[in-house]
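The values are calculated or read from the model by the stated rules, or taken from the named source; none is laboratory data. Here the structure is a predicted model, which is why all the values come from computation and not from measurement. Backbone-built Cβ (ideal geometry, glycine too); neighbour counts: all protein chains shown.
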């Protein structure tokens, strides 16, 4: 039997397994395409209380968070990509679900760490995000955007420390290495290896919107986390 080898995985995939994974990705991407704007909030207490699983996207400004969300949902302007990183300072919620029945929420948290934002705003938003990540009861997963050319920053590490107790209790965690097309294949594998050590047990995936790299894998993972098998 012919086999298909995935250089980033230890296992070997048979053709049937590869087809199954493609089918899963098709379902996941179809689900993500249903994303619709739900609400925006300048502070945590303005968010509606929801009983749907929530997946939060976080990351340093200009790490490619908006591009990643728009690529996964196949919508060009769902997440606002400002030409001045760090200027979007609201928590934005997007509802997911087919046939008008919502079954999950995507949360787009403001980017952090951009130098042009006043220090007072930085501190305020760090507090807002910390409170959200620690106290949001229906939060089921966190997706951290990281530019592999720069690696994990001090603010990324602080965020990891904040969420670590919840991750140990079962909160899902994924690091998306954006802009992977800017690296050679060898550099990609090195960045992947390093980040797996830093992620503290979380998942790590390479991602490139222009090269369509990692889209199926990330979409499938998010779908599975929002629809756990019982």
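Before moving on, here are some points about what is shown:
- Residue match in segment 56-68 (condition: surrounded by 15 or more Cβ atoms within 10 Å (Cβ to Cβ), in contact with a strand residue (DSSP E or B) (Cβ under 7 Å, 6 or more places away or on another chain), at pLDDT 95 or above and not in a helix (DSSP H, G or I)): yes
- Any hit, segment 206-223, residues being surrounded by 20 or more Cβ atoms within 10 Å (Cβ to Cβ) and at pLDDT below 95: no
- Number of positions in segment 215-230 that are in a loop (DSSP other than H, G, I, E, B) and within 12 Å of the chain's Cα centre (by Cα): 0
- So residue 149, is it surrounded by fewer than 18 Cβ atoms within 10 Å (Cβ to Cβ) and touching a helix residue (DSSP H, G or I) at 6+ places or on another chain (Cβ under 7 Å): yes
- Residue within segment 177-188 that is surrounded by fewer than 16 Cβ atoms within 10 Å (Cβ to Cβ) and part of a loop (DSSP other than H, G, I, E, B) present: yes
- Residue selected from segment 1-21 under the condition farther than 16 Å from residue 215 by Cα and in contact with a strand residue (DSSP E or B) (Cβ under 6 Å, 6 or more places away or on another chain), by the criterion modelled with the highest pLDDT: 13
- Identity of the residue in segment 109-123, surrounded by 14 or more Cβ atoms within 10 Å (Cβ to Cβ) and over 19 Å from residue 167 (Cα atoms), that ends up modelled with the highest pLDDT: 110
- Scanning segment 22-41 for residues that are part of a loop (DSSP other than H, G, I, E, B) and either crowded, with 22+ Cβ neighbours inside 10 Å or in contact with a strand residue (DSSP E or B) (Cβ under 8 Å, 6 or more places away or on another chain) (or both) yields a total of 2.
- With respect to (1) at pLDDT 85 or above; (2) assigned to a loop (DSSP other than H, G, I, E, B); (3) touching a strand residue (DSSP E or B) at 6+ places or on another chain (Cβ under 8 Å), the lone exception for residue 143 is condition (2).
- Close Cβ contacts (under 9 Å, 6 or more residues apart or on different chains) running from residues in segment 51-77 that are free of Cβ contacts under 8 Å to residues at least 24 places away in the same chain and at positive phi to residues that are part of a helix (DSSP H, G or I) and surrounded by fewer than 18 Cβ atoms within 10 Å (Cβ to Cβ) are absent.
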